[in-house]
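Worksheet for the structure shown next.
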Amino acid sequence: MRLLFFTLLFITSLWAQQPFPQDYFRSPMDIPINPSGTFGELRTNHFHAGLDFRTQQREGLPVYAAADGYVSRVRVSSYGYGTALYLDHPNGFTTLYGHLQAYSARIDDYVRARQYEKKSFDIELFPAKDQIKVTKGELIGYSGNSGGSGGPHLHFEFRDTKTEWVINPLLFGMDKKMQDTKVPSVFGMMVYPLSDGAVADGSEKSSLVNLKLQADGTYLADKIVARGKIGLAINASDKSEGSVGNNGIYHVETFFNGNPYFQYTFNTFAFDESRYINNFIDYQKFYSTGQRFQKLFIKTPYGFSVIKKNTSNGQFDITPGEVKNYRIEVSDYHGNKKIINGSIEYADAAAAIKETKNITPYLVKAGNDSNYTKNNVSVFIPANAFYEDFYMDFDVKDSVLHLHNATIPVHSPLTVSFDVTGIPKDVLQKTFIAGFTEKRISYNSSYMDAGRLTAKVKVLGDFKLVQDYNPPKIYSPSFTAGKWLTKNKQFSLKISDDRSGIATIDAWLNGKWILMHYDYKTKIIYHNFSDGVVADGRNDLKVTVTDSVGNSATFETHFFRTQNPTSVENDK
């Protein structure tokens, strides 16, 4: 926490002296910026760290270096940013280009050579400063849909090179390259009783507040009748010209009796703050309905640097006296604003709707380490793994660990361990700690620690030991055995695994290892003939896929190919 404070102080001081350059960086694409995702947008378990360029539902559009610099990092992964490129620039900033379909030729040659050296598709490289220099506007790759992308787009990101804090791309002049005259939308507002004995609108539980659209475009909220400390939350999003989906909100500020009270602005944040999203929103509401209500208060203080002007943690203390007025301003980067006006009146009436607490023997103090053990199953909870104190459901029956439920978000991993004494070694090799529901089993990477099978988990729920004896499946090759593939640029297969998941993929042509690209979304692996490994005539292909507990499957076939298409009358 102290380190975070001093880092933030350093960055704030630095930026106060040096405003962000407005003309130094160009757009990475020669298409209009119609964002499918904006900086700080609310995502599952994280805040979005960049600007997503909508690429007209197509892949393969040119991507250019935003400024002079050099390739400082290359990351190729089946997940996350997929095929990604990082450029460091002389003015102290780094740009990132994610979910690429491919790199430009000279960068691809460098990356592919090292993939073959390491015999791995997934790879991370840190080229020397003078190894791959680029100039502003140089072609560096092509837009795609790789990794964890939900559709074709370019993820474009700015970072402070020294601190690696992510920075809103619109601060660098990208705002001038997009049109935005649309006012943010507010879909709902909620009120929360926060202190002991607090009541809001006759309830000890959170409840919706009705909003009425006024002729001037503002909202007037129904008067809230309350006592004690209460807080508000809004469900809001933004759009700009050319954007179809709902994007994130840039700035929210609340005023209480005319005074600034609570504010957040998505200009920059640290990566290790990103999971704070689960405390930033009403997580229980999101879990049950899918709606993300952004809290305009803090119940238990936490170190999210985005929040500013935080008076009384954003909580309104409603005591007898005159009616209290509040205003909520919801703004996008271009200054379009939606305003909610409302008032709160004190009332001492008893709550018609009571908040019931499920009190268990296991009170988890969020700020302390906690250990729980029963029937040879143990759970270690590190300090600050949770955002608030709560009574936890904990039990172990029939070798099943019941660890509350997924409505409580986990910030830092918990350690779960099972005593596996008595399990034969050959069985233990196929065993992992699984989270499970009625519909699915989820794999947790499991390891032996002090004679116990152990896993780190970031979600609450039910856990048990599960064995996986089933090898992965390799199927649906793009060609039949013995076919001529002279005109093909690549071949592909599909792979899947029903329990512990795919761990490694290896393939060989005529005994030589070849690079197989993997897209987990489509379950497709493919090889490009441009790698130059294929031989004239017959080619024998062998593919081996191994899951996370060591089960493997092998697929073998053959095909024919020639580098001289005229020598083959017809592909067969």
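Rule-based calculations on the coordinates, nothing more; no lab input. Owing to the predicted nature of the structure, the values given are computational and were not obtained by experimental measurement. Cβ atoms come from the backbone with ideal geometry, glycine included; neighbour counts cover every protein chain shown.
Observations on the model:
- For the stretch 185-346, relative contact order (Cα pairs under 8 Å, six or more residues apart, normalised by length) works out to 28 percent.
- Across the stretch 514-523, rounded Karplus estimates of 3J(HN,Hα) from the backbone phi angles (6.51 cos²θ - 1.76 cosθ + 1.60, θ = phi - 60°) give 10, 7, 10, 7, 10, 10, 5, 5, 9, 6 Hz, Gly and Pro being marked x.
- Placed amide H near K483: partners under 5 Å, 5+ positions off or other chain: F560
- Descending by average beta-carbon neighbour count within 10 Å, the peptides 41-51, 133-143 line up as 41-51, 133-143, the highest first.
- For the stretch 278-309 and the stretch 174-193, distance of Cα centres in Å: 17 Å
- Taking a point 7 Å from the Cα of K182 along the Cα-to-Cβ direction, the residues of the stretch 31-56 with backbone N closer than 16 Å to it are 32-39, 41-42, 52-56.
- For the listed peptides 362-373, 310-321, a ranking on the average number of other beta carbons within 10 Å per residue, highest first, reads 310-321, 362-373.
- Between 0 and 90°, nearest 10: helix 2-17 axis offset from the chain longest Cα axis: 90 degrees
- Length released on extending from D122 to K365, taking residue separation times 0.36 nm less the Cα-Cα span: 83.5 nm
- Sorted peptide list for 259-272, 158-171, 391-404, criterion being average Cβ within 10 angstrom, highest first: 158-171, 259-272, 391-404
- (1) 19, 53, 25, 2, 0; (2) 16, 31, 33, 17, 2; (3) 17, 44, 32, 6, 0, with the label sought being that of the calculated P(r) over Cα pairs in 20 Å bins from 0, in percent: (3)
- Relative contact order for the chain, counting Cα pairs under 8 Å that sit 6 or more residues apart, in percent: 10 percent
- Segment K494-D540, length gained on full extension (0.36 nm per residue, minus Cα span): 14.8 nm
- The modelled label-to-label distance between E438 and K357, using points 7 Å beyond Cα along the C-beta direction, is 3.1 nm.
- Cut-off 19 Å, label 7 Å out along Cα→Cβ of S312, residues of the stretch 210-246 by amide N: 223-234
- Given K119/K512; K473/K542; K223/K309; K354/K458; K239/K337, the pairs whose alpha carbons are separated by over 21 Å: K223/K309; K354/K458
- Spin-label proximity, Q467 to the stretch 417-436 - amide N less than 20 Å from point 7 Å beyond Cα toward beta carbon: 418-436
- Full-extension gain in nm, Q429 to R58, via 0.36 nm per residue minus C-alpha separation: 129.2 nm
- Backbone geometry of the stretch 238-243 corresponds, through the Karplus equation with coefficients 6.51, -1.76 and 1.60 at θ = phi - 60°, to 3J(HN,Hα) couplings of 9, 9, 9, 4, x, 8 Hz, x marking Gly and Pro.
- Taking amide H atoms as placed 1.01 Å from N in the peptide plane, the amide H of V225 lies under 5 Å from those of D201, E345, each 5 or more residues away in sequence or on another chain.
- Proxy reagent accessibility, fewest Cβ within 10 Å first, across S496, S240: S496, S240
- Under 5 Å, built H, 5+ apart or other chain: amide partners of F47: I277
- Here's the list of lysines a cross-link from K129 could span, going by alpha-carbon distance under 24 Å and ignoring same-chain residues fewer than 8 apart: K118, K162.
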